[in-house]
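Colleague: For reference, the structure I am asking about is given below.
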Amino acid sequence: MPAARGWHGYRLWTVVGVVVVSLLVAVAWFTPALSVRTVRIDGLSAVPEVDVRGRLEIPDGRSMLRIDTTAIAQRVAAIPKVRSVRVQRKFPSTVLVTVVERTPVVYFEAPDGAHLIDAESVEFAIEPEPPIGVPKLRTEGSFTGSAAARAAVDVLVTLPPALSVQVGEVVARSISDVSLSLRDGRKVVWGGTDDGERKAAVVLPLLTREGTVFDVSSPNLVTVK
C-alpha cells in the first residue's frame with residue numbers, strides 16, 4: 001500500500017507540474033509578458049536600416065515565442081546587398097538581427113552604372129559611381145557575362161592581400177587568359193584560374209624585380225619583361 005500511495009503521489013505531482021508549465025507557456029504565448037520590446041540590427045553598412053526594418057514584420061506586442069525567426073531571416077535575405085541573416089531571440093524582450101552584407105570584389109561598367117560583383121560571383125547592385133579601391137573588370141572578344149565575372153573573381157580571391165590592393169583592372173580574354181593591371185602601370189599575366197595557390201606564392205617575390213610585365217601563368221617558369 002505505501003508503494004501505491006507513493007506512485008499515486010508521484011503521478012499527482014507530475015500532473016501538477018504539466019499544468020503549471022502549460023499555464024506559463026500560455027501566459028508567455030498569449031499575453032505581453034514576453035512581448036518584443038526591442039529589435040536590434042547589427043552588421044549594416046551599405047544597406048539602410050529602414051530597408052531591413054521594413055522586412056521584419058514584427059507586430060507590436062507580439063510574444064517572443066510567436067515570432068518566426070526563419071521567415072524574418074528569409075525576408076531580410078531577399079535584399080540584394082544582403083549575403084546572409086541570422087535572427088535570434090534574446091529573452092526577455094529583444095530580437096537580434098545580424099546581417100552580413102555583400103561586398104564587391106570587382107565591378108564592370110555599363111550605361112546604367114557600375115555593376116558590383118561579390119566573392120561568390122553574384123552581381124548584387126548597380127551604383128552610379130564605381131566603388132573606391134575595387135578593381136574594374138574588362139573583357140575582350142566574346143568572353144563576357146557571368147563566365148568572365150567568375151574567372152575574374154576566381155583570380156582576385158586567390159591573390160595575396162598585398163597584391164590585391166594594387167590591382168586597378170582585371171582583363172579577362174578567356175578562362176585561361178586573365179591578367180591584372182596594377183595601379184602603378186605594371187601588368188601581371190595570370191593565365192588561367194587553375195593553380196592559383198602556387199601563382200599567389202610566387203607573384204610577390206617576382207614583383208620585387210625590375211620590369212613592367214610579370215608572367216606567372218606557368219608558376220614553375222615565371223618571366224619578367
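Colleague: Ignoring any ligand, DNA or RNA, what whole percent of the accessible area of region 167-214 comes from carbon and sulfur when the probe is 1.4 angstrom?
Modeller: 49 percent
Colleague: Then there's this: Output the direction-averaged projected area (hull surface divided by four) of the convex hull of the alpha-carbon atoms of the chain, in nm².
Modeller: Taking a quarter of the hull surface, the average projection is 20.7 nm².
Colleague: What whole number of Å gives the distance from the Cα centroid of region 142-173 to the Cα centroid of region 108-129?
Modeller: Cα centroid of region 108-129 versus Cα centroid of region 142-173: 14 Å apart.
Colleague: Quick check: net charge around LYS136, other residues with Cβ under 9 Å of its Cβ, Lys/Arg +1 and Asp/Glu -1?
Modeller: For residues surrounding LYS136, the net value is -1.
Colleague: In sequence order, what are the phi-derived ³J(HN,Hα) couplings for region 88-98 according to the Karplus relation 6.51 cos²θ - 1.76 cosθ + 1.60 with θ = phi - 60°, rounded to whole Hz, with x for glycine and proline?
Modeller: Rounded to whole hertz, the list is 10, 8, 10, 5, x, 8, 10, 10, 9, 10, 10.
Colleague: If you stretched the chain out fully between GLU57 and LEU221, how much longer would it get, using 0.36 nm times the residue separation minus the C-alpha to C-alpha distance?
Modeller: Computed gain between GLU57 and LEU221 is 53.1 nm.
Colleague: Next question, about the same structure. Membrane-span-like helices in the chain: DSSP H runs reaching 27 Å or more (Cα, own axis), mean Kyte hydropathy at least 0.5?
Modeller: TM-like helix candidates: 2-30.
Colleague: To continue, here is another question. Under a cut-off of 22 Å between alpha-carbon atoms, report the lysines in cross-link reach of LYS199, not counting same-chain residues fewer than 8 places apart.
Modeller: LYS136, LYS187, LYS225
Colleague: For region 60-210, what is the accessible area per residue in Å² when the probe is 1.4 Å?
Modeller: 50 Å²
Colleague: Nearest 500 deg cm²/dmol is fine: what mean residue ellipticity at 222 nm does the chain get from its DSSP H runs of n ≥ 4 alone, each adding -39,500 (n - 2.57), divided by its residue count?
Modeller: Taking each H run of at least 4 residues, the total per residue is -10500 deg cm²/dmol.
Colleague: Can I ask one more? For LEU96 and GLU197 in the same chain, what is the full-extension length gain: residue separation times 0.36 nm, less their Cα-Cα distance, in nm?
Modeller: 32.5 nm
The values are calculated or read from the model by the stated rules, or taken from the named source; none is laboratory data. Note that the structure is a prediction, hence the values are computed from the model and not measured. Heads up, the Cβs are rebuilt from the backbone with ideal geometry, glycines too, and the neighbour counts pull from every protein chain shown. SASA here: full protein model, heavy atoms, side chains in, ligands and nucleic acids out. Shrake-Rupley method; radii C 1.70, N 1.55, O 1.52, S 1.80 Å.
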